[in-house]
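Data block below; observations after.
The values are calculated or read from the model by the stated rules, or taken from the named source; none is laboratory data. Computed from a predicted model, the values in this text were never measured in an experiment. As a convention, Cβ positions derive from the backbone with ideal geometry for all residues, glycine included, and neighbour counts pool all protein chains shown.
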Amino acid sequence: MESTLQLTVHPPMEFLYALFAAGTGKHFTEMIRSYDLEPSDDIKNALRNMDAALSRYLRQELEYFYDLSGVGYILYKTIAARPELEDIPGLLEAFRAKSAPEFLFEILQSVCKNTLPPKEDPAYRELSEDREGQLALLKRTPFQDAERKRRVTEAAENPEEIKMRFELLLSRFYAAAYAPLEEGIISLIEHGRENYERSLGEDPADFKQKYISLENTKNAENTETVETAREVQKQAERCYVHLSFFKYVGCHAYSSYGSGADDWFVLGLYSDRLFQESRLLEKQAAFFKVLADPKRIAILRLLKERPWFGQELAEKLDISPPTVSYHMGFLQQTGAVSFVRTDNRFYYSLNISRLIEPLRQFIGGFEEE
């Protein structure tokens, strides 16, 4: 069964990506340029206006929480669990309703995926209220750097204070930096939405492969029972695709991980520029530029073995999950990497023919007829 994609413009999800864009600073525009695209005046002005509206304190808090792995996941979970949310005030209210222990446990669910007890284990439920157990969990969880571990541990030791700080950041960032721009940003997205809707309507399979790099839903060959496989299919029947100004280019996938919520993709508004017609030499140069990174070659070699989940790749290559997503954006651009939906997760999968074809074309240009 194929997943049904629903193209949407979702203000709460766009707010989440505005936070990401503001929190990354120069890295955000460098990411755009690494796709051989120049940031538009619209995105430059939006970033400049948001930065000018932030106090020094808010900039410090944005940097602090952006580096605290798990915060983006918390906002996404709030959105995915409440499909009725239609605006940012509703999102902020839903976040305020969370208790401090719930807030903390959601951080731990994000950063400790592979050290948490299984969800069906009673120890998993007990852990949500066990402060000492949470601290012990953090001690045995590997982190990419000591500073991130220190900040997550700080959250575990002071969840009420950390939640209050994050809540204040969200409300002040929205009021001071994002709300004045929101109407114009949503208008820009709506203006570009028509082309993507037409592309999706004319050829859904081509849209999924080109923009989402999503293969048809698999039947989860490794699941133990037919009922489990059917449940995987059932949960994968609907996926939302939010068209995003602040994602700008490329696509990011979120999964419900079996929570019963719908899956989301966030597609950059300017992703179609990656597929504009260009000369063969330019395409070949772009292909080799994507491969000119040892980590990306290592990822491709791992994907040759089997599909991998993002967190697995991060641990195997000793890099952070956001870094995996960063590299995957380029590899998906070549068509050599796709998403496969199975076992309630999105796995990266290698499309070997799409990897080899550009190499054959390149070599063919030097062969004598």
Out of Lys316, Lys295, Lys289, sole residue that is in a helix (DSSP H, G or I) and farther than 21 Å from Ser34 by Cα
Lys316
Of everything in segment 320-366 that's without any contact (Cβ under 8 Å) to a residue 24 or more places away in the chain and among the aliphatic types (A, V, I, L, M), which residue is farthest from Trp264 (Cα to Cα)?
Ile363
Looking for something touching an Asp or Glu at 6+ places or on another chain (Cβ under 7 Å) and surrounded by fewer than 20 Cβ atoms within 10 Å (Cβ to Cβ) - is there at least one such residue anywhere in segment 50-60?
no
Just to check your reading of the model, which residue among Leu108, Leu127, Leu116 is more than 29 Å from Tyr17 (Cβ to Cβ), surrounded by 15 or more Cβ atoms within 10 Å (Cβ to Cβ) and among the aliphatic types (A, V, I, L, M)?
Leu127
The one condition Ile212 fails out of (1) modelled with pLDDT of 90 or more; (2) of a type outside the set (Ser, Thr, Tyr); (3) under 19 Å from the mean Cα position of the chain (by Cα) is (1)
Is there any pair linking a residue in segment 14-29 that is of a type outside the set (A, V, I, L, M) to one that is at pLDDT below 85 and part of a helix (DSSP H, G or I), with Cβ under 6 Å and at least six apart or on different chains, and which?
Gly23/Tyr66
Run down Tyr17, Tyr57, Tyr35 and say which single residue is in contact with a helix residue (DSSP H, G or I) (Cβ under 7 Å, 6 or more places away or on another chain) and of a type in the set (Ser, Thr, Tyr).
Tyr35
Pro39: passes all of (1) at pLDDT 85 or above; (2) assigned to a helix (DSSP H, G or I) but (2)
Spot the failing condition for Arg238; the list is (1) surrounded by fewer than 17 Cβ atoms within 10 Å (Cβ to Cβ); (2) at pLDDT 80 or above, and only one is missed.
(2)
Looking at segment 175-186, is at least one residue surrounded by 19 or more Cβ atoms within 10 Å (Cβ to Cβ), modelled with pLDDT of 90 or more, over 21 Å from the mean Cα position of the chain (by Cα) and assigned to a helix (DSSP H, G or I)?
yes
Quick one: in segment 253-283, which of the residues that are assigned to a strand (DSSP E or B) and modelled with pLDDT under 85 is farthest from Thr334 (Cα to Cα)?
Asp263
Any chance Gln332 is at pLDDT below 85, buried (at least 20 other Cβ atoms within 10 Å of the Cβ) and either touching a Gly at 6+ places or on another chain (Cβ under 8 Å) or outside any loop (DSSP other than H, G, I, E, B) (or both)
yes
Find the residue count for segment 50-74, including only residues that are in contact (Cβ under 8 Å) with a residue 60 or more places away in the chain and within 30 Å of Phe275 (Cβ to Cβ).
1
